[in-house]
1. Taking amide H positions as placed 1.01 Å from N in the peptide plane, with prolines and chain starts having none, which residues 5 or more places from ILE28, or on another chain, fall under 5 Å of its amide H?
2. Dividing the alpha-carbon Rg of region 274-400 by 2.2 N^0.38 Å yields what?
3. Determine the gain in length on full extension of the stretch ILE290-ALA271; use 0.36 nm per residue of separation and subtract their C-alpha separation, reporting nm with one decimal.
4. Count the net charge of all other residues whose Cβ sits under 13 Å from the Cβ of ILE314, scoring Lys and Arg as +1 and Asp and Glu as -1.
5. Which order do ILE298, ILE129, ILE221 fall in if you start with the one that has the fewest other Cβ atoms within 10 Å?
6. May I ask which of LYS62/LYS212; LYS214/LYS235; LYS62/LYS199 have a Cα-Cα span longer than 20 Å here?
7. Hey, what do the phi angles of region 50-64 turn into as Karplus ³J(HN,Hα) couplings, whole Hz, using 6.51/-1.76/1.60 and θ = phi - 60°, x for Gly and Pro?
8. Ranked from highest to lowest mean number of other Cβ atoms within 10 Å per residue, what is the order of the peptides 240-253, 205-218?
Amino acid sequence: MTANDQTILLAPSSQDVHLLLVGDREIILIGTAHISRKSADLVREVIAREKPDRVCIELDEKRYEALAKRKRWETLNLREIIYRKQLTTLIANLVLASYQKKLGDQLGVMPGTELLEAARAAEEQNIPISLCDRDIRITMRRAWHSTSNFKKSYLLATLLASLFDTTEMTEDKLSELKNTDVLSELMQELGKALPELKKVLIDERDTFLAEKIKEAPGKRIVAVVGAGHVQGIIKTINEDRSGMLAEINTIPAVSPVWKVAGWAITALFIALFIGVAWRKGGAVAGDSLIYWALATGIPAAIGGMLALSHPLTILSALVSAPITTLVPVLGVGHVTAFVQIMVKPPMVLEFERALDDMATFSGWWKNRLLRVFLAFFLPSFGATLGMWLGGYELFSKLFN
């Protein structure tokens, strides 16, 4: 971009529409709410009136297919998700989607309707579209990697609590939330509470969206994005941040510190076993080994029972917990979730009802897909508790 580039904010028909002049190009930026009928109507109205050369939409290919082709569950491979250790990321994504759907149901609008309407309006007028958002899988993985374990727990708890929130949402409240001052305040609060998360979910995507919009062909472009991205795009649209795309469009590798820490804990427990055998004898070490197996296996199995898992899943928790607690590359939850999928695979109807079932306490146990998550988390929690009980027992025998 050059020093002569300008950004002019206008409001042709709404405070949600901004005209940006970037060089010799016009970008009509529409800020929307993803569960608003008014936003859907506004998008269609602006595209019909402006007749742009191209329409840019805040969607990636996966999310576009999920909205347009309704193939959300057909392409979900749970076994691969477990293998890649992405089950926690998936549950966070589903919880957020469930909350959006609940709000959308109150207004009679499917989440993302305005984005789909933008695509449909462009198609009706033979206007090409560009999907300008970052791959949702990369966004979720970067967000998960950037957040500390404590804040991950806080975030999941907050998301789960939101499912049972009874606050009613109206179009008037949505309009208030889209007000620039309110959005700025919300972004600032998010930045204070979860700065790493805001950087990935908002700031990085502001940059990504702005650069992809500028890459789109045409002199006159309509760009449809969530209202929370409008101010960030306006601030960055005249900056050349293309060199940042490669960095923010990759999944960061797991820090070797965590790998070393995981194996260090394993080495510590093995050293304790060896120390007990050396100081107290083989019989005591054998008793300690049995105690370890029971201390980790029984709580993990109880977790499987609380999840109402299949008996084979419960058995796998009992057998695998003593081993997986000493092997940081594999968790007992990955074993139990995989077994649960094999013996009780979710049905298509349960995939489709998952977002509704998540909003009720009993739904987590009735829905087979959600029970897979319970079969992951509850045995994992039990095994972790048992690991520290077993470690305390080893310390006690070694130093008493």
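1. The list, which skips near neighbours in sequence, is LEU20, ILE221, VAL222, ALA223.
2. 1.25
3. 5.2 nm
4. Result for the neighbourhood of ILE314: +2.
5. In increasing order of surrounding Cβ atoms, one gets ILE298, ILE129, ILE221.
6. LYS62/LYS199
7. Each residue of region 50-64 in turn: 7, 6, x, 6, 7, 10, 9, 10, 6, 9, 9, 4, 5, 5, 5 Hz.
8. The densest-packed peptide leads the list: 205-218, 240-253.
FYI, it's all coordinate maths here, none of it is from the lab. Predicted model only: the values in this text are computed from it and were never measured. Here the Cβ is made from the backbone with ideal geometry for all residues, glycine too, and neighbour counts use every protein chain on show.
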